[in-house]
Amino acid sequence: MLDLKNPLAQQEAMQAFFFGYQAFTAKADEMLERRGLSRVHQRIVFFIARYPTLSVKQLLELLGVSKQALNIPLRQLQEMHLVHSVASETDKRKRLLQLTEEGLRFEQSLRREQVKLLQRAFSEAGEAAVAGWLAVNQALSAAN
């Protein structure tokens, strides 16, 4: 285990995390930039794909952002016909979000590139390292 009381070990751990995240996002960032979009747009389409018919309120909670922060990127995705909003059948005030066919293809293309990278890294690292990586990431997200 790294001794995180040691500043060099701290920097080593953080550098590995920064460069790993940079590699993970690089190809997706290029794809997003070609459409004039950013990572926030990717997070939105990722969670709508993960949880079809997600409500706007649920998306706000998942992303941990304010309505104001979500408003512009969500509207852009709707204007680009990547996301569709429909009224809930049980509560017409509630808006449910779905990916359009184009939005689904776009999300899958972004995810495909990131999955390729994960598959390569996971096969190189081995099963025990992958389990540790998942545990660390789940612990990080729970600490937030």
For this session: Please list, ordered by first then second residue, the pairs with beta carbon atoms under 8 Å, 6 or more apart or interchain, first in region 107-124 and within 13 Å of Ala28 (Cα to Cα), second of a type in the set (D, E, K, R).
Result: Glu113/Lys27; Gln114/Lys27; Leu117/Lys27
Problem set entry | Unique residue being surrounded by 11 or more Cβ atoms within 10 Å (Cβ to Cβ), within 27 Å of Leu60 (Cα to Cα), within 19 Å of the chain's Cα centre (by Cα) and not aliphatic (A, V, I, L, M) when the list is Phe122, Phe106 | Phe106
For this session: With respect to Glu124, determine if the residue is in contact with a His (Cβ under 9 Å, 6 or more places away or on another chain) and in a helix (DSSP H, G or I).
Result: no
Seminar exercise, completed: From the option list Leu97, Leu104, single residue qualifying as more than 29 Å from Gly20 (Cβ to Cβ), touching a helix residue (DSSP H, G or I) at 6+ places or on another chain (Cβ under 8 Å) and in contact (Cβ under 8 Å) with a residue 40 or more places away in the chain is Leu97
For this session: Take Leu4 and decide whether it is in contact (Cβ under 8 Å) with a residue 12 or more places away in the chain and of a type in the set (A, V, I, L, M).
Result: no
Problem set entry | Filter pass, Ile44 being without any contact (Cβ under 8 Å) to a residue 12 or more places away in the chain and assigned to a helix (DSSP H, G or I) | no
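Here's the yes/no breakdown for (1) outside any helix (DSSP H, G or I); (2) among the β-branched types (Val, Ile, Thr); (3) closer than 17 Å to Glu33 by Cα:
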residue: Leu59; (1), (2), (3): no, no, no
residue: Gln68; (1), (2), (3): no, no, no
residue: Gln76; (1), (2), (3): no, no, yes
residue: Ser85; (1), (2), (3): yes, no, no
residue: Arg105; (1), (2), (3): no, no, yes
residue: Ser109; (1), (2), (3): no, no, yes
Exercise. Which of the residues that make up region 1-34 are touching a helix residue (DSSP H, G or I) at 6+ places or on another chain (Cβ under 8 Å), among the charged types (D, E, K, R) and part of a loop (DSSP other than H, G, I, E, B)?
Worked result: Asp3
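Only the coordinates and a few stated rules stand behind these numbers; no lab work does. Predicted, not measured: the structure shown is a model, and the values here were computed from it. Quick reminder, even Gly has a Cβ in these numbers, built from the backbone with ideal geometry, and neighbours come from all protein chains shown.
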